[in-house]
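For reference, the structure is listed below as structure tokens.
The values are calculated or read from the model by the stated rules, or taken from the named source; none is laboratory data. Model, not experiment: these values are computed from the prediction. Cβ sites come from the backbone with ideal geometry, for glycine too, and all protein chains shown count toward neighbours.
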Amino acid sequence: MTTTGTRILTLDTVRGVAVMGILLLNIIAFAMPAPAYYNPAAYGGDAGVDLAVWLVNFIFFDGKMRGLFSFLFGASLLLVVDRAVAKGESPARVHYARMVWLLVFGLLHGWLIWWGDILSNYALVGMIAFLFRDATTKTMIGVGFGLLVVQLLVTLSIPLLILGAQAAPADPGLMEAREAMEQGFGQPSAAWLADQVALYRGSWRTIAIDRFEDMQLMPLMGVLQFGWETLAYMLFGMAALRGGMLTGAWPRARHVKWAAIGFGVSLPVYALLAIWMISSDFSLLSVTTAVMPATVPFRPLAVMGWASLIVLAMRPGGFLTRRVAATGRMAFSNYLGTSLVCTTIFYGYGLGLFGEMSRAEAYWVVAAVWALMLLWSKPWLDRFAYGPLEWLWRSLSRGQVQRLRDRAFGHHSANATQ
């Protein structure tokens, strides 16, 4: 059985794994200067256990968890629209109210808490995804692959720019662009890294001012740079909901097939790219090529592999499945809660550990945050209909305070909107 009341257990469980898995990558962006996220050589993480941690993450998780989260966002978007139609409500009004308030949350998150926000990107792209609500699954998949071609071309411009800078080292414009690329993907100077560490060990006000100066147009730029892929995954998720993959309609054999195809094709490619980056000492060209255009064609297969593997592994009624599904039902609260916890641990207005932990050591924080997610989500939902931020988002979107504690829900809390 894959449903609980009107909840879809499969959807909640896969979403739970995705929101937990995202932290495997984001923890580096919380704990270290930005280029370390893509390049372990940027900040003391390209040897020994640190390199091994990077290797596992790159091959198995990098981009896949974000893609899986986008995949689930598309499915949930379509589910909300379908439920609005079933209730006789305006699907456009319900959807766009949700996206507008999600954009507000995303901007506040990005400007006031952490620069790595994805909510504003989801809100803006989600406004476009709504236009495909009545499309056939074939159209959703076809348009999705077309968007990935565009994403491939957009990301290909980054290594081409670096090649241009290498070919014309005296061109001031190209050299300035290369320096910017080094600060995003390469191995910046020790002085620049020291400035970043000092900044994030400073006060909230200092960090917020710097972040706002850098991020005023970030939501729009994020859509232009990565929105093509985000929309593609949302459409794939919508197709997966319509096609039964995320509702439990697929037989296990079909999930086994897609897990085998997804991982069998994508993982060897990621492994080869990792070998190339290591052998080139994580050069700027190898890193930008490997983490940007080279992975675009293969990431969807990895996402499909992960989705099918999670469905195969889940056990309805099992202890861990119930905990992970509850974490997925409260993905919004858990995602923003993770930012609050991690910035408090690493930034100067909290424990000030930014730049202190090695890449491997940072994963002790991941384990602790995962434990918090699994420990608090189910007990909360045993008592309340929604997660705290899900309740706030729902109340704002509907223009009236929603009932948070409703005895009619009991411990199943069946009616909470995806």
**Fill in**
Flagged in region 43-89 as under 28 Å from residue 308 (Cβ atoms) and of a type in the set (Ser, Thr, Tyr), in numbering order, are 70, 76
**Asked** Taking only pairs six or more apart or across chains, which ones have beta-carbon atoms under 8 Å, a first residue in region 136-151 that is in contact (Cβ under 8 Å) with a residue 12 or more places away in the chain and of a type in the set (Ser, Thr, Tyr), and a second residue that is part of a helix (DSSP H, G or I) and surrounded by fewer than 17 Cβ atoms within 10 Å (Cβ to Cβ)?
**Response** 137/243
**Request:** Would you please list the contacts, defined by Cβ atoms under 6 Å and residues six or more apart or on different chains, that run from a residue in region 327-349 that is closer than 15 Å to residue 29 by Cβ and crowded, with 21+ Cβ neighbours inside 10 Å to a residue that is small (Gly, Ala, Ser) and at pLDDT 95 or above?
**Result:** 346/31
**Fill in**
Matching residues in region 32-90 (under 22 Å from the mean Cα position of the chain (by Cα), part of a loop (DSSP other than H, G, I, E, B) and surrounded by 21 or more Cβ atoms within 10 Å (Cβ to Cβ)) number 5
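So is residue 309 within 21 Å of the chain's Cα centre (by Cα), in a helix (DSSP H, G or I) and among the aliphatic types (A, V, I, L, M) or not?
yes
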**Cβ pairs under 6 Å, 6+ apart, first in region 165-186 and more than 21 Å from residue 39 (Cα to Cα) and among the acidic types (Asp, Glu), second modelled with pLDDT under 75 and buried (at least 18 other Cβ atoms within 10 Å of the Cβ)** = none
**Request:** Test each condition in (1) over 21 Å from the mean Cα position of the chain (by Cα); (2) within 23 Å of residue 119 (Cβ to Cβ); (3) not in a helix (DSSP H, G or I) for residue 250 and report the one that comes out false.
**Result:** (2)
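What's the total number of residues in region 230-265 that are without any contact (Cβ under 8 Å) to a residue 60 or more places away in the chain and in contact with a Leu (Cβ under 6 Å, 6 or more places away or on another chain)? Before the answer, list the steps.
We begin by selecting, within region 230-265, every residue without any contact (Cβ under 8 Å) to a residue 60 or more places away in the chain; these are 244, 249, 251, 253-265.
Right, trim to in contact with a Leu (Cβ under 6 Å, 6 or more places away or on another chain) and you get 255, 259, 262, 265.
Total meeting the criteria: 4.
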**Prompt:** Are any residues in region 268-306 without any contact (Cβ under 8 Å) to a residue 24 or more places away in the chain, part of a helix (DSSP H, G or I) and either under 17 Å from the mean Cα position of the chain (by Cα) or surrounded by fewer than 18 Cβ atoms within 10 Å (Cβ to Cβ) (or both), and if so, which ones?
**Reply:** 268, 272, 275, 276, 279
